[in-house]
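This report refers to the structure that appears directly beneath it.
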4 protein chains.
Amino acid sequence: MMTDMYFTETDILVPFHDVDSMEIVWHGHYAKYFEVARCEFLDVIGYGYKAMRDSGYAWPIIDMRTKYIKPIRFGQKISVHCSLREWEYRLKLEYIIRDAVTGEKLTTGYTCQAAVDMTTGDMCFESPAILLQHITQHYGKLPA
Amino acid sequence: MMTDMYFTETDILVPFHDVDSMEIVWHGHYAKYFEVARCEFLDVIGYGYKAMRDSGYAWPIIDMRTKYIKPIRFGQKISVHCSLREWEYRLKLEYIIRDAVTGEKLTTGYTCQAAVDMTTGDMCFESPAILLQHITQHYGKLPA
Amino acid sequence: MMTDMYFTETDILVPFHDVDSMEIVWHGHYAKYFEVARCEFLDVIGYGYKAMRDSGYAWPIIDMRTKYIKPIRFGQKISVHCSLREWEYRLKLEYIIRDAVTGEKLTTGYTCQAAVDMTTGDMCFESPAILLQHITQHYGKLPA
Amino acid sequence: MMTDMYFTETDILVPFHDVDSMEIVWHGHYAKYFEVARCEFLDVIGYGYKAMRDSGYAWPIIDMRTKYIKPIRFGQKISVHCSLREWEYRLKLEYIIRDAVTGEKLTTGYTCQAAVDMTTGDMCFESPAILLQHITQHYGKLPA
C-alpha cells in the first residue's frame with residue numbers, strides 16, 4: 001500500500017511542564033504531540049474539528065498506541081510525521097516522532113478514530129463519505 | 001467577618017505525573033487541587049457543576065492567585081481547606097493546602113468566579129439568588 | 001496462565017479538568033488513571049517509585065496501549081483493575097477501567113516497562129531479580 | 001518606571017486538549033502559556049533553564065496570579081507579552097495575552113520567582129548577581 005504522500009510534518013518545541021522527575025517527557029504527554037500533529041493533518045485536508053462538527057460527525061479516539069524508543073527532553077525540537085493508514089472503516093493515523101535536528105527516531109504510535117453520528121449517537125460501521133471526499137479533494141485520489 | 005464554618009476539607013494524594021524535573025509539583029498543577037476542593041465545596045452546598053448548569057448560569061474563573069510557601073512532592077498526602085470568602089457579587093473561595101499528616105502549611109490561594117447568564121451570555125453584576133439560597137439552605141444562614 | 005490474584009483495584013473520581021469540549025474525558029488523560037493504578041500495584045508489592053530508585057533501576061514506560069470502549073464523564077466514579085501480565089523480561093501491566101457503580105467495562109489497556117540500570121544507563125535484557133523478589137514476597141510465588 | 005523594552009512576545013496556537021467542556025481554555029492551563037513565554041524571555045537574556053542550573057540557582061515560582069478577561073478558544077492564535085517588572089529581590093514577570101490577529105486583550109497575570117541556592121537549599125534574600133548581569137548584558141542596562 002502506497003500511502004507515502006498522505007502525511008504532514010509538525011514541529012514542536014518541548015516545554016518544561018511536559019518533563020517529569022526523571023527529566024524526560026512524561027509518557028502520557030505524547031498524546032498531546034500526536035494530537036497537535038493530527039489536527040494539522042486534518043486541517044490540511046480541510047476536515048478539522050470545526051468541519052467535522054459541521055458534517056454532523058464526532059470522531060472519538062477508540063484506540064491509541066505509543067512505543068517509546070528514546071526519551072525526549074525539555075527544549076528538544078521534535079518533528080511529528082503523521083500519515084494516513086486506514087480510512088474506509090475508521091481513520092487510522094500513524095505517528096513517527098523524530099529529533100527535528102538530528103532526524104533520530106524517538107517514538108512511533110498510532111490513533112484510530114471512528115465516526116459517531118451526532119444526531120443518533122451511533123457509531124458508524126463505515127467512514128462517512130465526507131472523510132473520503134476531503135482526502136480525495138486534497139490529494140487528488142484515495143491511497144491505493 | 002466570621003466565615004469559619006463555611007468550608008470543606010479535601011484530601012489528595014499527589015500523583016507522579018504532577019511532579020516536574022525539580023522533583024516538586026509543577027506550579028501550574030495547583031489549579032487542579034483547588035478545583036477538586038472547590039467541586040467538593042460546591043457539591044456539599046448542593047450547587048455543583050450540574051446544579052449550576054440547571055440553574056442557567058455558568059461560573060467561569062475570573063481571577064486566581066496562588067502563593068507557594070513550601071514545595072509539594074510525589075506521594076505526599078495533602079489536605080485542601082476551601083472556605084467561602086465572598087458571595088454577594090462574585091464567588092470568592094480561599095484555599096489553604098496543608099500536609100495531611102504534619103499539618104504544615106504549604107500553599108495559599110484563592111479563586112473568584114462570576115455568574116454568566118447562559119441564555120444571554122452576559123456576566124451578572126450580582127450573584128444570582130440561587131447561589132445565596134444554596135449557601136443558606138446548607139449552613140442555615142449567610143456568613144455575617 | 002493463571003495470574004488472577006496478581007492485581008489491585010483503584011477507585012478514581014473523574015475531575016472536571018479531565019473533560020474535553022465533547023464533555024468526555026480527553027483520551028490522553030487515561031495515562032494518568034493507569035499511572036495512579038500502577039503506582040498502587042507497585043506500592044502493594046513493595047516496589048514503588050522510591051524502592052525502585054533505591055534498587056538502582058529506573059523503569060520507563062516503553063509501550064502503552066489504550067482501547068476506548070465507552071466514554072467517561074466528569075464526576076463518574078471509576079475503578080481501575082491493574083493486573084500483572086509479564087515480569088521476566090519486562091514488566092507488563094494490564095488495565096481494565098469499569099464504572100465503579102455499575103461495573104460496566106469502559107476501557108482496557110496495558111503498559112510495558114523495562115528496567116534501566118541507573119549507573120550505566122543501559123536497558124536490561126531481563127528484569128532484575130529485585131522485581132521478582134518483590135512479587136514473590138508479596139504473593140508467595142510468581143505467577144505460573 | 002520605564003521597563004518597556006524589557007519584554008518578549010510569544011505566539012501560541014491553542015490546542016484542543018486545553019479546552020474544557022465549556023469549550024474555552026480551562027483556567028489552569030494558562031500557567032503553561034505563561035511558562036512558554038517566560039522560557040522565551042529567559043532564553044533571550046541568556047538565562048534559561050540550563051543557564052540557571054549551571055549558575056547554581058533554582059528559581060521556583062513563589063506567587064502567580066491570573067486575571068481572565070475574555071475566554072480563549074481552541075484554534076485561537078494568541079500572543080503572550082512577557083515583561084520584566086522586578087529583578088532586585090525576586091524576579092517578577094508580567095504577562096498580557098492578546099488575540100494574535102485582532103490584538104484584543106484576553107488575560108493578564110504575573111509570576112514571581114525567588115532564587116534558591118542549590119548547594120545550601122536556602123532561598124536568597126536578594127537576586128544573585130548573575131541575573132542582573134544577564135539583564136544588563138542583553139539590554140545594555142538595568143531598567144531605571
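The values are calculated or read from the model by the stated rules, or taken from the named source; none is laboratory data. All values derive from a computational prediction rather than experimental measurement. With ideal geometry, Cβ positions are generated from the backbone for all residues, glycine too; neighbour counts draw on all protein chains shown. Surface accessibility is based on the protein's heavy atoms, side chains included, excluding ligands, DNA and RNA. Shrake-Rupley method; radii C 1.70, N 1.55, O 1.52, S 1.80 Å.
Annotations for the structure displayed:
- Of all residues in the stretch D:102-124, at least one satisfies being touching a Lys or Arg at 6+ places or on another chain (Cβ under 9 Å), of a type outside the set (A, V, I, L, M) and open to solvent by 50 Å² or more (accessible area, probe 1.4 Å).
- The stretch D:49-65 residues that are under 28 Å from D:T108 (Cβ atoms) and more than 7 Å from chain B (Cβ to nearest Cβ), paired with ones that are of a type outside the set (S, T, N, Q) and part of a loop (DSSP other than H, G, I, E, B) (beta carbon under 6 Å, 6 or more apart): D:M52/D:W59; D:Y57/D:A115; D:Y57/D:P128; D:W59/D:A115
- Reported count of residues in the stretch C:49-65, each being open to solvent by 50 Å² or more (accessible area, probe 1.4 Å) and assigned to a helix (DSSP H, G or I), is 3.
- Given (1) open to solvent by 20 Å² or more (accessible area, probe 1.4 Å); (2) in a loop (DSSP other than H, G, I, E, B); (3) of a type in the set (A, V, I, L, M), index of the condition A:I72 fails: (1)
- Only residues that are part of a loop (DSSP other than H, G, I, E, B) and more than 14 Å from every other protein chain (Cβ to nearest Cβ) were counted in the stretch C:75-94, giving 3.
- Answer from B:I24, B:I62, B:I45, B:I12 - the residue that is in contact with a helix residue (DSSP H, G or I) (Cβ under 8 Å, 6 or more places away or on another chain), of a type outside the set (D, E, K, R) and over 24 Å from B:Y139 (Cα atoms): B:I12
- Checking C:F125 against (1) part of a strand (DSSP E or B); (2) within 18 Å of A:Y68 (Cα to Cα), the condition it does not meet: (1)
- Residue within the stretch C:72-91 that is over 21 Å from C:P143 (Cα atoms) and of a type in the set (S, T, N, Q) present: yes
- Within the stretch D:5-23, the set of residues being away from chain C (no Cβ under 14 Å) and either buried (at least 17 other Cβ atoms within 10 Å of the Cβ) or at pLDDT 95 or above (or both) comprises D:Y6, D:F7, D:T8, D:E9, D:T10, D:D11, D:I12, D:L13.
- With respect to the conditions (1) within 10 Å of chain A (Cβ to nearest Cβ); (2) open to solvent by less than 10 Å² (accessible area, probe 1.4 Å), C:I97 lacks only one, and its number is (1).
- Hits in the stretch A:24-43 - residues which are assigned to a helix (DSSP H, G or I), within 14 Å of chain C (Cβ to nearest Cβ) and in contact (Cβ under 8 Å) with a residue 12 or more places away in the chain: A:H27, A:Y30, A:A31, A:K32, A:Y33, A:F34, A:V36, A:A37, A:R38
- Verdict on A:G46 being part of a loop (DSSP other than H, G, I, E, B) and within 12 Å of chain C (Cβ to nearest Cβ): no
- Test: residue in the stretch C:25-37 that is over 20 Å from C:M64 (Cα atoms) and either surrounded by fewer than 18 Cβ atoms within 10 Å (Cβ to Cβ) or not polar (S, T, N, Q) (or both): no
- Against the list (1) at pLDDT below 95; (2) over 15 Å from the mean Cα position of the chain (by Cα); (3) of a type outside the set (D, E, K, R), the condition A:Y49 fails is (2).
- The residues of the stretch A:110-139 that are touching a residue at least 40 places away in the same chain (Cβ under 8 Å) and either at positive phi or of a type in the set (D, E) (or both) amount to a single one, A:D117.
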